[in-house]
Amino acid sequence: MTERTFSIIKPDATKRNLTGKINTVIEDAGLRIVAQKRIRMSDAQAKTFYEVHAERPFYGELVEFMTSGPVVVQVLEGEGAVAKYREVMGATNPAQAADGTIRKLYANNVGENSVHGSDSQDNARLEIAQFFTDDEIVG
Ligand code: CDP
Ligand code: MG
C-alpha cells in the first residue's frame, strides 16, 4: 500500500554536505520525496519530537545535537514507505547497520547517525503534522 513516512536528515549530515547523497539513496530505493525543507529545529520542537525518549540517559544530548545545526525534514511516499525507509536507514548504531544503508555509509556514531525515520504509520502521521501543513506536501 502506498503510504507516507517522515524523515529527518540530521545536523551531522547537513554539516558534511550529505543531503544530496542521502536523497540519492532514498530515491534509488523507490521512495519519492513529496515534501522537503531545511530548517533549524527549536529546542521546544526537538524536545516534543523526542518526548518518548525523555527518560533515557541520552535525551539531553540528543536534543542538543538536533538543535546544533540545520536539519532537512522530509515526507517520503511509496509502497510500505515506513518499513522500507527503516530498512534503507539501517540500524540505529552504524556499527550494526547493513551494507549499503544510509547509516552504514554516512553515520558518525549511534547519536550522530545522519537520519531519522518514523517507526510506525501512526507516528509518521503525527511527525509529519508536527512539521508540515497539508498544502506543503505534493504527492
Ligand atoms: O532513530 P531510531 O529510531 O533508529 O533510534 P531510537 O532508539 O528511536 O533513538 C532515537 C535517536 O536517539 C537515535 O537515532 C540516536 O540519534 C539517539 N540515540 C542515542 O544518542 N544513543 C542511543 N544509545 C540510542 C539512540
Ligand atoms: Mg526511533
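Read-outs: derived from the displayed coordinates by stated rules, not from any lab. Please read these numbers as outputs of a predicted model, since none were measured by experiment. Note: ideal-geometry Cβ built from the backbone for every residue, glycine included; neighbour counts use all protein chains shown.
Free of any trypsin sites (Lys or Arg not before Pro) that DSSP assigns to a loop and that have at most 14 other C-beta atoms within 10 Å, the longest stretch within the chain is 41-139.
Pairs exceeding 21 Å between alpha-carbon atoms, taken from Lys15/Lys104; Lys37/Lys104; Lys84/Lys104; Lys15/Lys84: Lys37/Lys104; Lys15/Lys84. Other residues lying with their Cβ under 13 Å from the Cβ of Val138 contribute a combined charge of -1, Lys and Arg counting +1, Asp and Glu -1.
Considering helices alone, the calculated mean residue ellipticity of the chain at 222 nm is -10500 deg cm²/dmol, with DSSP H runs of length four and up weighted by -39500 (n - 2.57) and normalised per residue.
Express in % the proportion of alpha carbon pairs of the chain at distances exceeding 23 Å. Of all Cα-Cα distances in the chain, 27 percent exceed 23 Å. About its Cα centre, region 12-139 has a charge dipole of approximately 400 debye under the convention of +1 per Lys or Arg Cβ and -1 per Asp or Glu Cβ, with nothing else charged.
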